[in-house]
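This report concerns only the one structure given below.
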Amino acid sequence: MLDNQLKEKTSTITEEKAEFWKIDSSSTAKNCKNYIREIVDTLNLQPNPAKPVIALSIGDPTVYGNLKPSKETTQAIIDTVERGTCNGYAPCVGYEDSRKAVAEYLSHDGSNFTSKDIILCSGCSSSLEICITALCDAKKNHNLLMPRPGFSIYRTLAEVIGVKVKYYDLIPEKNWEIDLEQLESQIDQNTAVIVLNNPSNPCGSVYNEKHLKNVLDIAYTHRIPVIADEIYEQIVFSGNKFASTASLNSRVPILICGGLAKRFLVPGWRLGWIAIHDELGAFETEIRKALVSLSQRIIGSNTLIQGALPAILRNTPQSFHDDLITTLEKNSNLAFSFLRTVKGLVPYMPQGTMYMMIEIILENFPFNDVSEFVIKLMEEESVFCLPGSCFQTPGFMRIVLTVPEDLLTEACSRISEFCSRYYTVPN
Ligand SMILES: *Cc1c(COP(=O)(O)O)cnc(C)c1O
């Protein structure tokens, strides 16, 4: 190109404006919603500048630095980097050794997996995405049945592929057990999958074997496969026992989603897995292939974390897991015994995980809804809690139990002061 031609071209480009480009986003992108972000952004939260913010909202156990991964976990990464053998592409479903280590890790209490049943993913979110995409089809007018209150990612991942979501209710007074009758009433001929989340975010509930069996019986009767989000497996407080859906001989085909994020305290490392549990071989002809195909869209999860995975799973001592539970249980006792004395609040004691749900008795407060309660609490006390609307349960808010004890105590006393300032008895 001649110099003056080039000059001419450059000048017309700079004169052009953005609106000459009509670049529409795809309908897929338009259908993609992060419900927590959306709600939080519209709250327009302004903390009280006189008080440091305490965020009881973020489901990331690492933010305050009080909860750290085990030194075995850290060492496993250092060793993997130094070994230098995990720098290339791994198979899309993950390294054989790493999958074998996950199979071994999950094979207890009668659950039985081999490496063929494991697919490694980029975080548990990616596991959920692959499972939902493999089972749910918008063209067949499928729907996905999920808990309410429930983690909103299931909805996000279903709706982005045009799949509708239906809800089954949890009963707060029964430790958030599933309303089995209502669950069954929500099943129709287009229900492609039931999503279970045990232990639960946001409820902190831990289901006993009998309850899980009852749920799986319903799935069996209607021949509906299950996705079991067990990312909080084993994070249960004293007196409770974690039962994996895979350990119950239900004959229901189940895709178990899990990963390192919560129990090993490394959510940013993005290591999740799918464990295929299928006593009758119902996933044999199509779904196993579908999961592999979907894992091939993007090449798997980070190879350094995969390489470190066998050592992380085998070497992390039980005392590390016990210490995490001790801390969380202590914090949940602290928050519960404090907040139960606050008029207008009804906290529900969790049996595990990192969360507690608190009911706000709105008739005792001059607020229209929990979102307004949460906004004012932030404005005056700089304490941020997530409104239950993020989990389709408007009368509640959720707090996290992973913050340091002194901050949790401070947060509880600010919440308490705030409530006593506004509490009234309706006449
Ligand atoms: C945190 C969380 C996940 C996501 O785990 P990642 O491995 O970070 O993607 C999945 N399900 C529930 C219920 C969670 O709370």
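The values are calculated or read from the model by the stated rules, or taken from the named source; none is laboratory data. Bear in mind the structure is a predicted one, so any value in this text is a computation, not a measurement. Here Cβ is always computed from backbone atoms with ideal geometry, including for glycine, and neighbour counts include all displayed protein chains.
Within region 180-215, being in contact (Cβ under 8 Å) with a residue 40 or more places away in the chain, farther than 30 Å from Leu401 by Cα and outside any loop (DSSP other than H, G, I, E, B) holds for Gln186, Thr191, Ala192, Val193.
Filtering Ala335, Ala311 for residues that are part of a helix (DSSP H, G or I), under 28 Å from Trp273 (Cβ atoms) and hydrophobic (A, V, I, L, M, F, W, C) leaves a single hit, Ala311. Examine region 211-218 for a residue that is within 16 Å of the ligand (Cβ to nearest atom), in the same structural domain as Gly272 (by TED's automatic domain parsing) and touching a strand residue (DSSP E or B) at 6+ places or on another chain (Cβ under 6 Å), and state whether such a residue exists. Within region 211-218 (the criterion being within 16 Å of the ligand (Cβ to nearest atom), in the same structural domain as Gly272 (by TED's automatic domain parsing) and touching a strand residue (DSSP E or B) at 6+ places or on another chain (Cβ under 6 Å)), the answer is no, since none of the residues qualifies.
Among residues of region 120-147 that are within 15 Å of Trp273 (Cβ to Cβ), those with a beta-carbon under 9 Å from a residue that is within 11 Å of the ligand (Cβ to nearest atom) and at pLDDT below 95 at least six positions away or on a different chain give the pairs Leu120/Ser301; Cys121/Ser301; Ser122/Ser301; Gly123/Ser301; Ser126/Ser301. Can you name the residue in region 244-265 that is of a type in the set (A, V, I, L, M, F, W, C), crowded, with 23+ Cβ neighbours inside 10 Å and more than 9 Å from the ligand (Cβ to nearest atom) and is also farthest from Arg314 (Cα to Cα) among such residues? By that ranking, first place goes to Val252.
Of the residues making up region 274-283, one or more are within 16 Å of the ligand (Cβ to nearest atom) and either outside the structural domain of Ser98 (by TED's automatic domain parsing) or of a type outside the set (Asp, Glu) (or both). For region 288-306, a tally of residues being buried (at least 20 other Cβ atoms within 10 Å of the Cβ) and closer than 23 Å to Ile78 by Cα returns 5. Remark: Phe237 matches the filter, which requires a residue to be aromatic (Phe, Trp, Tyr), more than 16 Å from the ligand (Cβ to nearest atom) and in contact (Cβ under 8 Å) with a residue 40 or more places away in the chain. When restricted to residues that are within 22 Å of Gln186 (Cα to Cα), in contact with a helix residue (DSSP H, G or I) (Cβ under 7 Å, 6 or more places away or on another chain) and not in a strand (DSSP E or B), region 216-259 contains 7.
For (1) in contact with a Leu (Cβ under 6 Å, 6 or more places away or on another chain); (2) on the phi < 0 side of the Ramachandran plot; (3) in a loop (DSSP other than H, G, I, E, B); (4) crowded, with 24+ Cβ neighbours inside 10 Å, each residue gets a yes or a no:
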position	(1), (2), (3), (4)
Glu359	no, yes, no, no
Glu363	no, yes, no, no
Phe367	no, yes, yes, no
Arg398	yes, yes, no, no
Leu407	no, yes, no, no
Ser416	no, yes, no, no
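Hey, any hits in region 370-385 for a residue that's in contact with a Gly (Cβ under 7 Å, 6 or more places away or on another chain) and not assigned by TED's automatic domain parsing to the domain that holds Tyr154? There is at least one residue in region 370-385 that is in contact with a Gly (Cβ under 7 Å, 6 or more places away or on another chain) and not assigned by TED's automatic domain parsing to the domain that holds Tyr154.
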